[in-house]
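Values in this text are rule-based calculations from the coordinates and carry no lab data. Quick caveat, the model's predicted, so the values are computed rather than measured. Using ideal geometry, Cβ is built from the backbone for each residue, glycine included, and neighbour counts are taken over all protein chains shown.
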Amino acid sequence: MSSQLEMDLMGIRNYPPGISHLWEFWKFMRRYPAIPLAVIAILIFCGIFAPQLSPHDPRAGGIRDRHLPPVWTQQGTTDHLLGADHSGRDVLSRLLHGARISLTVMVIALVSGGIIGTTMGVLSGYYGGWLDELITRLVDIWQALPFLMVALVCVLLFGQSLILLLCLMIALSWIPFVRVIRSQTLAIKNEPYVDLARVAGCTLTRILLRHILPGVVNTAVVIATLSVGNLILAEAALSFLGAGIPPPTPSWGGMVSDGRSYLSTAWWPTVFPGLAIFLVVMSLNFTGDWLRDRLDPRLRQLVD
């Protein structure tokens, strides 16, 4: 009796075996982003093995398969599990290859933009003076420009290409890193261990790489995770406006744009890529929030 009273006072409850397993599963799902990580893992898997998983050539179509519905409908066939678009191209194959495009753009833009933004943020926060003023004003000017308008002008001048899209994504991705990394560098450079490194005669390069950079890496990782969703949305928006991946290369935004004229008669070429964009962006945002809570010591205490 006393042991049960002590357990009640400590908030420990004896649940039946089935309910206790459900409670442990619920706590695990709240503690770790299992579903978002699973969605991201599926995206990576589909992007890497898209040629092996695709049942058809994503660029090949046929007039006989035009607007063929998904397999679970009355007129659907197992040859096209998610149906076909207005050109008779397999929607599932184009979805898989579109995941590869999104993954390629995401990785290249984030790595390049993260390196550029983190470097500029560290230099701006550590040096200060005219360099800080120059970088800060450059960020302000770029943020004041309408990105979609700049992208459309660049497409008109240079034409549609994957290289141009990657350059536009890199130009969009470095901005979030600069301001946050700069503010964190301003706080870290006045820490006692950085002052001791200066007194010990460490070179400027060693101070930046061994003492400043490790203090901002966690923040850069969180920013990168939270920026992935915005990059995928930006790529989809550019493809939707005809300024992204040049056809007939499949992309999720281009698929939504191609199918919007046929929504009343064939919803599947638009709904499935739109649903894929929604799931991936939401999963990346949830994962970024979880990483922020885990990598920030103050928030980690609250979570634990």
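Brief remarks on what is shown
- 3J(HN,Hα) along the stretch 55-69, derived from phi through the Karplus expression 6.51 cos²θ - 1.76 cosθ + 1.60 where θ = phi - 60°, amounts to x, 9, 6, x, 9, 8, x, x, 5, 6, 9, 4, 6, 5, x Hz, with x in place of Gly and Pro.
- Relative exposure of Met255, Met106, judged by other C-beta atoms within 10 Å (fewest first): Met106, Met255
- Trypsin sites (Lys or Arg not before Pro), loop per DSSP, at most 15 other Cβ atoms within 10 Å - longest free stretch of the chain: 67-304
- In order along the stretch 84-98, the phi-based Karplus estimate (6.51 cos²θ - 1.76 cosθ + 1.60, θ = phi - 60°) of 3J(HN,Hα) comes to 10, 8, 5, 9, x, 7, 5, 5, 4, 5, 5, 5, 5, 6, x Hz; Gly and Pro are listed as x.
- For the chain, with +1 on Lys and Arg beta carbons and -1 on Asp and Glu, the positive-most of Asn285, Thr118, Met106 along the dipole: Thr118
- Selection from Gly83, Ala50, Trp130, by position along the positive dipole direction of the chain (Cβ): Trp130
- Derived scalar couplings ³J(HN,Hα) [the stretch 165-173; Karplus, 6.51 cos²θ - 1.76 cosθ + 1.60; whole Hz; x for Gly, Pro]: 4, 5, 4, 5, 5, 5, 5, 7, 8
- Prolate/oblate/rounded call for the chain, Cα gyration tensor, a/c under 1.5 rounded: oblate
- With helices as the sole contributors, the chain gives -23000 deg cm²/dmol at 222 nm; each DSSP H run of n ≥ 4 counts as -39500 (n - 2.57), and the sum is divided by every residue.
- Whether the stretch 23-168 is rounded, prolate or oblate, judged on the alpha carbon gyration tensor where a/c under 1.5 counts as rounded: oblate
- Evaluated with a Cβ-only charge set (Lys, Arg +1; Asp, Glu -1), the chain carries a dipole of roughly 300 debye about its Cα centre, given to the nearest 20.
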